[in-house]
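First comes the structure, then the notes that go with it.
FYI, it's all coordinate maths here, none of it is from the lab. The structure presented is a predicted model; accordingly, all values stated were derived computationally and were not measured. Heads up, the Cβs are rebuilt from the backbone with ideal geometry, glycines too, and the neighbour counts pull from every protein chain shown.
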Amino acid sequence: MLKITMYSSADKVKGQGVGSAYIELVKMLQNRFSDEFDIAINKRRVSDISHYHTIDLPFYFSTFSKKRGRKIGYVHFLPETLEGSLKIPQPFRGIFYRYVIAFYKRMDHLVVVNPSFIPKLMAYGIPKEQISYIPNFVDSDNFYPVTAKRRHELRKKWHIADDQFVVLGSGQVQERKGVPDFIRLAKANSDVQFIWAGGFSFGAITDGYKELKQVVDNPPANLRFPGIVSRQEIAELNNVADLFLLPSYNELFPMSVLEAFSCGTPVMLRDLDLYHSIIEGYYEPAADVGVMNKKLTDLIHNPDRLAQLRDKALEASQRYSKEHLATIWHQFYIAQAKEK
């Protein structure tokens, strides 16, 4: 039996996509491969594979032990993707960014959730052959389209009328996620209910915290901030929504988009280059907040286009299904164990 040890603190900070991806992976491996993989969490033991999901300093020191076996690093971010997320003053920001790359270079192999990060890692001096692309996935047992009757019940639970058009966004409340643009859209569309599910996972060091906190505490009448909600509640809100909208300026492979796809929720995104290689054709692209506003108005009055986007969402959910990714992860771990 292959001994795989997961090293992660991603589930300690609520409201992070990194934590959701980690939880989904561990759950899937334990459910499907318990007869092949002996999985432990944050346990110092002799392992065939040590899979590092977060870059904690104690984890870095642990990589110098020969007991760790093959060291796998999960790349959820690069220094440039942290811009607009956390407000870290110099010289500490520069030191932290160098540490991020030093951590990745301690790994025997890296897994990226978006292929656009491969050349960027190569630019930091990491060989291409030491990098694999494996996308995120969500569990369709938890995220799936509900019946019309259940949708009515959920809207009643969330105090939303059946004929109300609802736009959902989710993720940490921060500049990088484009939350200010989400707020602008809510102010420009007073007849639409906007909901942003997420909070300040890193408190006052969140970029733009002071300005965003003022809006979160006193939002427009048609904008709700329910805070950091449970996985079950995110699934409920996706089924309540008519449109999922993420105006983020920088992403890897947002779990929130996969969750929307899995629920069959139409998706609109700021059209980032990094989306093109993974989900192009499955979402409504918008270059900026002005285009988002125009397309939102068009979609509200075009149910046929919304239905097309709903079909595209469900199509994408099959591409990134738990079943498909289970096979890929199984093959990856077996191959990596042989490399040790």
Taking 0.36 nm per residue of separation between Arg151 and Leu57 and subtracting their Cα-Cα distance, the length gained on full extension comes to 29.4 nm
Projecting the Cα atoms of Thr297, Leu274, Val192 onto the charge dipole of region 185-306, where Lys and Arg contribute +1 and Asp and Glu -1 at Cβ, the residue farthest towards the positive end is Val192
Computed over the chain: longest principal axis from alpha-carbon atoms vs helix 148-157 long axis, angle to nearest 10 degrees, is 90 degrees
Non-local residues with an amide H under 5 Å from the amide H of Val138, with H modelled 1.01 Å from N and Pro and chain starts lacking one, are Lys322
Answer in debye to the nearest 20: the dipole magnitude of region 148-319 about its Cα centre, from +1 Lys/Arg and -1 Asp/Glu charges placed on Cβ, is 420 debye
The helix 289-300 Cα axis meets the longest alpha-carbon principal axis of the chain at an angle in degrees, between 0 and 90 and rounded to 10, of 60 degrees
Checked against a 24 Å limit on the C-alpha separation, the offending pairs among Lys67/Lys322; Lys3/Lys322; Lys149/Lys322; Lys71/Lys128 are Lys67/Lys322; Lys149/Lys322
Simple SL model, points at 7 angstrom along Cα→Cβ for Met122 and Arg44; separation in nm is 3.9 nm
Plugging the Cβ-Cβ distance of Met1 and Gln130 into 1/(1 + (r/R0)^6) at R0 = 35 Å yields, to the nearest 0.05, a FRET efficiency of 0.85
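Any idea what the relative contact order of the chain is, in percent, if you count C-alpha pairs under 8 Å spaced at least 6 apart?
18 percent
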Restricting to Cα pairs under 8 Å and 6 or more apart, the percent relative contact order of region 148-319 works out to 22 percent
Amide H contacts under 5 Å for Arg224, restricted to residues at least 5 apart in sequence or on another chain and with H modeled in the peptide plane, are Phe194, Ile195, Trp196
Calc'd 3J(HN,Hα), region 122-131, phi into Karplus 6.51 cos²θ - 1.76 cosθ + 1.60 (θ = phi - 60°), Hz, glycine/Pro = x, comes to 4, 5, 8, x, 9, x, 4, 5, 9, 10
With x for Gly and Pro, the residue-by-residue ³J(HN,Hα) of region 305-320, computed from phi through the Karplus equation 6.51 cos²θ - 1.76 cosθ + 1.60 at θ = phi - 60° and given in whole Hz, is 5, 4, 5, 5, 5, 5, 5, 5, 4, 5, 5, 5, 5, 6, 5, 10
Once normalised by the length of region 1-63, the mean sequence separation of its alpha carbon contacts under 8 Å that are 6 or more apart gives a contact order in percent of 54 percent
Length gained if Lys66 through Asn293 is fully extended, taking 0.36 nm per residue and subtracting the Cα-Cα distance, is 76.2 nm
A student applying the Cα gyration tensor rule (rounded when a/c is under 1.5; otherwise prolate if a/b is larger than b/c, oblate if not) would label region 1-160 oblate
